[in-house]
Amino acid sequence: LFPRHDIIGNNLKMESRQLDILRAIVDECVATEEPVGSKAISERHGLGISPATIRNEMSVLEEAGLITQPHTSAGRIPTDKGYRLFVDKIAMVKPLSKAERRAIETFLEGAHDLDDIVMRTVRLLAHVTKQVAVVQYPSLTKSRVRHIELVLLTPTRLMMVLITNTGRVEQRTLELPYELNEILLSDLRQRLNSAVVGKSMSDVAPQLEGILAAFGRNERTSTALIISNLIEMAIEKPEEKVVLAGTANLARGSSESSADIHGILEALEEQVVLLRLLSDAGDTMRVRIGEEQNEMGLKRTSLVTMGYGMEGNPLGGLGIIGPTRMDYSSSMTAVNAVARYVGRFLMDAQS
């Protein structure tokens, strides 16, 4: 963790003391947004060591690149490397407060469709963490067919609706070369649903191969057009949707300059950037800190993400973006709780 010569005789007790001091510095910076001195740590954290000893250990931490002194006469603040060690080694999972737990348990009550679920989720995550929240809609390519609806608008104009088990709805309007009647349409609707309901999107095309043969020659042209469009809807990769909330949290109590905040907001305006942020969200939580961020405009921020939905194959991802001095323990707890709850809600809705 630290240069070997800095830990006398590789003394594990000494290393533990340095970690305790690093934890205290992180906690103080999160609480006060100010550099931390040895006296404050000695008075507030009950480490049982003198300010002089704390100063010596802070020098070790500084030499290891884990903390830095922003101004000559100031205290110390953690570096990105220091936050990384804190997250990897000593960040403790904080229990949710009663208010937070109640909010997470009830925030989906009354949600009537997928758009409502996603919007409630992103607003709740921003509220609980006091950061910018990002939530990805369930991926269409990872979903299964719940129902196919065919609606005849005119004898030669048809609306086709594909509904997935996660609540996503895709639709197309088709101009048919020949007229269809309601009797034929009802037969086609029943055959399509029998063939593909419960199937994953990638399995739709093979299930439809034999349907066309059941119709007469005069009906096949329009039927073939409907089937080919349904296959396209299932196998194409539509633009994934991402929503965010809580951008006002960037400025609230922030020590970042207006230029930094503007750069962050500019990056977050791009859907492709938001999708990249959540692209590797999986069953386990990921934390990117400062310079670990791939987007240039976000290198003064940290990102906490996690997937939601089926274990081993998340339906989508969610997360928060905030300053590197964010309260990682509380933020990680909230992201984990919301991801698991919304995942259970969507999976329960499928049954």
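The values are calculated or read from the model by the stated rules, or taken from the named source; none is laboratory data. Quick caveat, the model's predicted, so the values are computed rather than measured. So basically every Cβ, Gly included, is an ideal-geometry build from the backbone, and we count neighbours across all protein chains shown. We work out accessible area using only protein heavy atoms, side chains counted, and drop any ligands, DNA or RNA first. Shrake-Rupley method; radii C 1.70, N 1.55, O 1.52, S 1.80 Å.
Of all the residues in region 60-77, those that are open to solvent by 60 Å² or more (accessible area, probe 1.4 Å), polar (S, T, N, Q) and not in a loop (DSSP other than H, G, I, E, B) number 0.
Here is a yes/no grid of residues against (1) among the hydrophobic types (A, V, I, L, M, F, W, C); (2) farther than 18 Å from Asp116 by Cβ; (3) open to solvent by less than 10 Å² (accessible area, probe 1.4 Å):
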| position | (1), (2), (3) |
| --- | --- |
| Met296 | yes, yes, no |
| Thr301 | no, yes, yes |
| Pro314 | no, yes, no |
| Gly317 | no, yes, yes |
| Ile321 | yes, yes, yes |
| Thr324 | no, yes, no |
| Ser330 | no, yes, no |
| Val335 | yes, yes, yes |
| Val338 | yes, no, yes |
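Scanning region 160-213 for residues that are surrounded by fewer than 13 Cβ atoms within 10 Å (Cβ to Cβ), in a strand (DSSP E or B) and out of contact with any Ser or Thr (no Cβ under 7 Å at 6 or more places or on another chain) returns Gln171, Thr173.
Elements of the type strands (runs of 3 or more DSSP E) sitting completely within region 275-351 and holding at least 1 residues that are over 16 Å from the mean Cα position of the chain (by Cα) and closer than 20 Å to His127 by Cα: these cover 313-323. Comparison of Leu244, Leu192, Leu185 shows that the only residue that is touching a residue at least 24 places away in the same chain (Cβ under 8 Å) and more than 40 Å from the chain's Cα centre (by Cα) is Leu185. The C-beta contact set for region 164-181 (first residue within 15 Å of Leu315 (Cβ to Cβ), second residue outside any loop (DSSP other than H, G, I, E, B) and open to solvent by 70 Å² or more (accessible area, probe 1.4 Å), distance under 8 angstrom, 6+ apart or interchain) comprises Thr164/Arg144; Thr164/Arg146; Asn165/Arg144; Asn165/Arg146. Residues in region 221-240 that are open to solvent by 70 Å² or more (accessible area, probe 1.4 Å) and at pLDDT below 85: Ile235, Glu236, Lys237, Glu239.
Hey, among Thr129, Thr106, Thr121, which residue is at pLDDT 80 or above and either open to solvent by 30 Å² or more (accessible area, probe 1.4 Å) or not polar (S, T, N, Q) (or both)?
Of the residues listed, the single one that is at pLDDT 80 or above and either open to solvent by 30 Å² or more (accessible area, probe 1.4 Å) or not polar (S, T, N, Q) (or both) is Thr106.
In the set (1) farther than 22 Å from Asp327 by Cβ; (2) out of contact with any Lys or Arg (no Cβ under 7 Å at 6 or more places or on another chain), Gly65 fails one condition alone, (2). For region 136-159, taking the residues that are polar (S, T, N, Q) and under 30 Å from Leu274 (Cα atoms), the one that is surrounded by the fewest Cβ atoms within 10 Å (Cβ to Cβ) is identified as Thr141.
A quick yes/no check of all residues on (1) part of a helix (DSSP H, G or I); (2) at pLDDT 90 or above; (3) at negative phi:
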{"position": "Phe2", "(1), (2), (3)": "no, no, yes"}
{"position": "Lys13", "(1), (2), (3)": "yes, no, yes"}
{"position": "Ile21", "(1), (2), (3)": "yes, yes, yes"}
{"position": "Val26", "(1), (2), (3)": "yes, yes, yes"}
{"position": "Ala31", "(1), (2), (3)": "yes, no, yes"}
{"position": "Glu43", "(1), (2), (3)": "yes, no, yes"}
{"position": "Leu47", "(1), (2), (3)": "no, no, yes"}
{"position": "Glu57", "(1), (2), (3)": "yes, yes, yes"}
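Of all residues in region 51-63, those that are among the charged types (D, E, K, R) have Cβ atoms under 6 Å from Cβ atoms of residues that are in a helix (DSSP H, G or I), 6 or more apart or on another chain, in Arg55/Ser38; Glu57/Gln18; Glu57/Ile21.
A single entry from Lys81, Lys94, Lys98 fulfils the requirement of being open to solvent by 20 Å² or more (accessible area, probe 1.4 Å) and touching a helix residue (DSSP H, G or I) at 6+ places or on another chain (Cβ under 8 Å): Lys94. Figure legend. Inter-residue proximity from region 145-157: first residues without any contact (Cβ under 8 Å) to a residue 40 or more places away in the chain, second residues surrounded by 14 or more Cβ atoms within 10 Å (Cβ to Cβ) and part of a strand (DSSP E or B), beta-carbon distance below 9 Å, spacing 6+ or different chains. Indicated pairs: Val151/Leu158; Val151/Met160; Val151/Val161; Leu152/Leu158; Arg157/Leu174.
If the condition is being surrounded by 13 or more Cβ atoms within 10 Å (Cβ to Cβ) and among the β-branched types (Val, Ile, Thr), then region 258-282 contributes Ile261, Ile264, Val273.
Within region 78-95, track down each residue that is in a loop (DSSP other than H, G, I, E, B) and farther than 22 Å from Ala337 by Cβ. Result: Thr79, single match.
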